[in-house]
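The values are calculated or read from the model by the stated rules, or taken from the named source; none is laboratory data. Given the structure is predicted, the values throughout are model-derived calculations rather than measurements. For neighbour counting, all protein chains shown are included, and Cβ atoms are generated from backbone atoms with ideal geometry for every residue, glycine included. We work out accessible area using only protein heavy atoms, side chains counted, and drop any ligands, DNA or RNA first. Shrake-Rupley method; radii C 1.70, N 1.55, O 1.52, S 1.80 Å.
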Amino acid sequence: MTASHEQAQSPFNPDIHRVGRVLCFAAHPDDIDFGAAGTIAAWTAAGVQVSYCIMTDGDAGGFDPAHRADIIAMRDAEQRRAAELVGVTDIHYLHQRDGYLEASHEVMKGVVRLIREIRPDVVLAMHPERNWERIQKSHPDHLAVGEAVTRAVYPAVENPFAYPELAEAGLEAYKLPWLWLYAGPGERENHFVDVTGQVEAKLAAIHVHVSQHPDVEAMEATVRQGMHLNAGRAGFPEGRSAEAFHVVAINGPGTIAGF
């Protein structure tokens, strides 16, 4: 299902580190599908339980002025159909305003709450660092997702005294093993997943988001090219496709406890 290239220096070894539950964070409906739908399709096919958390309702998206009143419901329906295509049915929203997302304590508390509820092996989130080579990957809401999630996973998720009302509600502190970040700078990416067998599922999921694609052919060509380039960077055989991540070990055998 996955592969890591020695030169990439990924701390995650799929032959050793098992994944049973994954919680994915994104800013808008469709972000996860562009960034990780192939990997998610492979996970769910292998029996991994995957949940989504979309931080905004995507209310500033789309291109048709006539659909402004319906855009939130439209994008939610698109996301749910797209998720089903890659085996995901558990979707959560933080209902933040599209274009106004910040790494606030309100957002961080929502992240901590959900991680403590689901207790995943992997949290997947957008990268907090800007990609200057392709700035479209670094929408301010994307960066805010990465910053909020990164702040939340350490130390708040594992600190029993952070957001004490969560512990009082029965959501005990939890030590997250892995943080996987997507849509970040290429120089940060250290882990590549071979998704050759999931390319069509990923593209089908992306195609569902019809409200967001004014040029479908160009979108698909760009996605395919990006996956081929990732496979080349990973050293995979010619003709393969891959998704790229910056994997960070949060808690493991060598972790020193402390806040």
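Please give the charge dipole size of segment 115-159, origin at the Cα centre, charges +1 on K and R Cβ atoms and -1 on D and E Cβ atoms. Round to the nearest 20 debye.
60 debye
Residues of the chain: accessible area per residue at 1.4 Å, in Å²?
Working: 12040 Å² over 259 residues.
Solvent-accessible surface per residue comes out at 47 Å².
Among 169-182, 32-45, what's the highest-first ranking by average C-beta atoms within 10 angstrom per residue?
Highest mean packing first, the order is 32-45, 169-182.
For segment 155-230, max minus min Cα coordinate along each principal axis, in Å, sorted largest first?
51, 31, 23
Just tell me which lysines come within less than 22 Å, Cα to Cα, of Lys175; anything on the same chain fewer than 8 places away is out.
List returned: Lys109.
Specify which residue in the list Leu124, Gly99, Ala73 is farthest towards the positive end of the charge dipole of segment 1-156, using unit charges on the beta carbon of Lys, Arg (+1) and Asp, Glu (-1), about the Cα centre.
Leu124
Summarise the accessible area of segment 118-259 (1.4 Å probe, protein heavy atoms) by the percent that is carbon and sulfur.
Summing carbon and sulfur atoms, their accessible area is 56 percent of the total for segment 118-259.
First select every other residue whose beta carbon is under 15 angstrom from the beta carbon of Ile250; then total the charges, Lys and Arg +1, Asp and Glu -1.
The answer is +3.
I need two numbers for the chain: Rg to one decimal and Dmax as a whole number, Cα atoms only, in Å.
17.6, 55
Which three numbers, in whole Å and largest first, are the semi-axes of the equivalent ellipsoid of segment 208-258 derived from its Cα gyration tensor as √(5λ)?
33, 19, 6
Run the accessible area of segment 17-68 with a 1.4 Å probe and give the carbon-and-sulfur part as a rounded percent.
50 percent
Quick one: grab the alpha carbon gyration tensor of segment 33-106, order the square roots of its eigenvalues as a ≥ b ≥ c, and give me rounded if a/c is under 1.5, else prolate or oblate depending on whether a/b is larger than b/c. Working shown, then result.
Values: a/c = 2.53, a/b = 1.52, b/c = 1.66.
Note, shape of segment 33-106 comes out oblate.
Is it possible to state the helix-based mean residue ellipticity at 222 nm for the chain, with each DSSP H run of 4+ residues giving -39500 (n - 2.57), the sum divided by total residues, to the nearest 500 deg cm²/dmol? What is it?
Mean residue ellipticity at 222 nm (helix-derived): -11500 deg cm²/dmol.
Once you compute Rg and the Kirkwood Rh from C-alpha atoms, what is the Rg to Rh ratio for segment 105-259?
So for segment 105-259, dividing Rg by the Kirkwood Rh gives 1.03.
Among all helices in the chain defined by DSSP H, which have a length of 18 Å or more along the axis from Cα atoms plus a Kyte-Doolittle mean of at least -0.5?
Qualifying helices: 31-45, 71-85, 105-118, 140-153, 216-234.
Which values, in whole Å and largest first, are the semi-axes of the equivalent ellipsoid of segment 112-173 obtained as the square root of 5 times each eigenvalue of the Cα gyration tensor?
They are 28, 10, 8 Å, listed from largest to smallest.
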